Amino acid sequence: MDATTPLKSGLNLEALVAIDVHTHAEVSCKQPHDDYRPEFDIAFARYFKSTHRPTIQETITYYREQNMAFIMFTIDSEHETGKRRIPNEEVAEAALENPDVMIAFASIDPHKGRMGAREAKRLIEEFGVKGFKFHPTVQGFYPNDRMAYHLYEVIAAAGLPMLFHSGHSGFGSGVRGGGGLRLEYSNPIHLDDVAIDFPDSPIIIAHPSWPWQDEALSVCMHKPNVYIDLSGWSPKYFPPQLVQYANTQLKHKMLFGTDFPLITPERWLKDFEVAGFKDEVKPLILKENAIKMLGLTV
């Protein structure tokens, strides 16, 4: 299988319960865990009340049992944190081997400039990755910094989505000085410029964007190519305005996501049922909006 194989060929979209657009590759089977700063791992486990980090194969098996598809990615923050990344190729190869359930996004540190853009082109052409994940706080950049545009241009030329972490970051929470990570980078208002400069590329604002939820809603409402994924929080804690707009003006632009393994689909869906979402909106969020955003067909 190669990059020219249609994404739709492996997914039984009618049979799927949902498409989770936000899961993490936490463990590499090809390299050991990089214990570069243990205080980050300790604080991370305390913040999320979890220490288990499943392998990619464990995640695949789990989502297949749930009858869900999922998008998976790692985070390349080698410039800002010095942490060795999980190879994008490892994630992409797993997706190529499991096309009935898994979709691969890649992550490239924008500080890698033109070399990063070359890597993105190779991953698209040779490994068939279907989108890219950015984490401004952990990668240490403003999304509208022209430094990142070499990378965006390659992604946009391929017509692929760009997914950006927004709001507060669990990574670094509780570490002395926040580990030097700046929350301001992840204010979603900075994505307004990106949406203007790349108007034909889907741009996904990840998570309820506390403390900047209104900024995220405004950008999403104003720019046709902007979506919001609902990962990272249990729906019972969603800001009321997020639920309000998901039920009304932005009902076609909200996406199901968990942040697995930090939140499981079971917990998310259980809380989703009682979080005030309209019955007619739930199928849009769980699957139909993602099908449209990813350019899939049933």
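The values are calculated or read from the model by the stated rules, or taken from the named source; none is laboratory data. In this text, all values refer to a predicted model and were calculated from it rather than measured experimentally. Ideal geometry is used to build each Cβ from the backbone, glycine not excepted, and the neighbour counts take in all protein chains shown.
Structure notes:
Yes/no per residue for (1) in a helix (DSSP H, G or I); (2) not acidic (D, E):
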{"residue": "Q57", "(1), (2)": "yes, yes"}
{"residue": "K83", "(1), (2)": "no, yes"}
{"residue": "E89", "(1), (2)": "yes, no"}
{"residue": "E93", "(1), (2)": "yes, no"}
{"residue": "L96", "(1), (2)": "yes, yes"}
{"residue": "D100", "(1), (2)": "no, no"}
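- V154 being assigned to a loop (DSSP other than H, G, I, E, B) and either within 17 Å of the chain's Cα centre (by Cα) or not charged (D, E, K, R) (or both): no
- Residue that is surrounded by the most Cβ atoms within 10 Å (Cβ to Cβ), among those in region 122-136 that are at negative phi and more than 14 Å from the chain's Cα centre (by Cα): L123
- Top-ranked residue of region 255-276 - restricted to ones that are over 19 Å from the mean Cα position of the chain (by Cα) and assigned to a loop (DSSP other than H, G, I, E, B), ranked as surrounded by the fewest Cβ atoms within 10 Å (Cβ to Cβ): V274
- Filtering region 121-147 to residues that are farther than 22 Å from G178 by Cβ and not in a loop (DSSP other than H, G, I, E, B) leaves K121, R122, L123, I124, E125, E126, F127, F132, R146, M147.
- Boolean, H252 is surrounded by fewer than 24 Cβ atoms within 10 Å (Cβ to Cβ), farther than 18 Å from Q139 by Cβ and touching a residue at least 40 places away in the same chain (Cβ under 8 Å): yes
- Members of region 142-166 found to be buried (at least 17 other Cβ atoms within 10 Å of the Cβ) and touching a residue at least 60 places away in the same chain (Cβ under 8 Å), listed by number: P161, L163
- Only one of the numbered conditions (1) over 12 Å from Y152 (Cα atoms); (2) basic (K, R); (3) touching a residue at least 24 places away in the same chain (Cβ under 8 Å) is not met by K121, and that is (1).
- Between G179, G232, G159, the distinction of being part of a helix (DSSP H, G or I), touching a Ser or Thr at 6+ places or on another chain (Cβ under 9 Å) and not basic (K, R) belongs to G179 only.
- Single unsatisfied condition, G180 versus (1) under 29 Å from I291 (Cβ atoms); (2) modelled with pLDDT under 95: (1)
- Filter result for D145 (within 23 Å of N289 (Cα to Cα), out of contact with any strand residue (DSSP E or B) (no Cβ under 8 Å at 6 or more places or on another chain) and not β-branched (V, I, T)): no
- Selection from region 230-253 of residues that are in contact with an Asp or Glu (Cβ under 9 Å, 6 or more places away or on another chain) and of a type in the set (D, E, K, R): K236, K251
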